[in-house]
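Working notes for the structure below.
The values are calculated or read from the model by the stated rules, or taken from the named source; none is laboratory data. This one's a predicted model, so the numbers in the text were calculated from it and none came from an experiment. Cβ placement follows ideal geometry from the backbone for every residue including glycine, while neighbour counts extend to all protein chains displayed. Just the protein is used for accessible areas: all its heavy atoms, side chains included, with ligands, DNA and RNA removed. Shrake-Rupley method; radii C 1.70, N 1.55, O 1.52, S 1.80 Å.
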Amino acid sequence: MSMQLKENSLIVFQGDSITDAGREREKDTFMGAGYVFMLSALLAARYPGKNPRFINRGLGGDTVQALYERWEQDCLVYKPDVVSILIGINDTWRRFSENREPDLGRFEAMYREMLTGTQERSGAQLVIIEPFLLTNRENYKEWRMDLDARIDIIRGLAAEFHTCYVPMDGIMAQACTKADASYWSTDGVHLTPAGHALLAQSWLASAGL
């Protein structure tokens, strides 16, 4: 689904540390050093007549539950025109690092409620970015089944809510046939500048911008 960028559109970016990327906490003048910075610069340059506006509310370490708990004050309160979400890898990470039980039903329910609330409250267009995991570390093979289950849920929600969808796990896998995983990611989760640029390009392509 292509995005319709209206005049003065406000785009709110949400997610974990990949979105956060060292953003300015006290003001919105610095979008961080990742894909949000790249995207905001590219969109501003491509559509100066539309005067797009940007807020980055990514927060390092967030799971779906953490994002859900701050959704009102960090997203809906801004009455956004577009909401971009990248979340999910920390849910897999915590399952193994903290030996948590799988929580897929709860994961899906909270993600769905965020999407429902956003459409009902603001009518915002939604962009869902698929969480991803590269092959930098051997133990990630253990993580893969859990993340794949979460990706399946997210893909289903994207279809249900008719969102723009950025299939980054597949895109990253394809990119790793052209250059080693370490070229795109420092640890299989966090991105190098090239990885952030690939994500920004993929977001624009999926949104038809």
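Some observations on this one:
- Tally, over region 45-102, of residues that are touching a helix residue (DSSP H, G or I) at 6+ places or on another chain (Cβ under 8 Å), farther than 14 Å from Thr118 by Cβ and of a type in the set (Ser, Thr, Tyr): 2
- Residue match in region 1-19 (condition: modelled with pLDDT of 95 or more, in contact with a Pro (Cβ under 8 Å, 6 or more places away or on another chain) and farther than 20 Å from Gln73 by Cα): yes
- Residue in region 65-87 that is open to solvent by 50 Å² or more (accessible area, probe 1.4 Å) and at pLDDT below 95 present: no
- Residue within region 140-150 that is without any contact (Cβ under 8 Å) to a residue 60 or more places away in the chain, open to solvent by 60 Å² or more (accessible area, probe 1.4 Å) and more than 21 Å from Leu104 (Cβ to Cβ) present: no
- Matching residues, region 162-209, being polar (S, T, N, Q), surrounded by fewer than 21 Cβ atoms within 10 Å (Cβ to Cβ) and part of a loop (DSSP other than H, G, I, E, B): Thr177, Thr186, Thr192
- Members of region 132-161 that are outside any helix (DSSP H, G or I) and in contact with a Ser or Thr (Cβ under 8 Å, 6 or more places away or on another chain): Leu133, Leu134, Asn136
- Within region 29-64, the set of residues being open to solvent by 50 Å² or more (accessible area, probe 1.4 Å) and within 30 Å of Asp103 (Cβ to Cβ) comprises Leu59 only.
- In region 114-129, the residues that are assigned to a loop (DSSP other than H, G, I, E, B) and touching a helix residue (DSSP H, G or I) at 6+ places or on another chain (Cβ under 8 Å): Ser122, Ala124
- Of the helices (runs of 4 or more DSSP H) lying entirely inside region 15-113, those containing at least 1 residues that are out of contact with any Phe, Trp or Tyr (no Cβ under 9 Å at 6 or more places or on another chain), of a type in the set (S, T, N, Q) and over 26 Å from Leu147 (Cα atoms) span 71-74.
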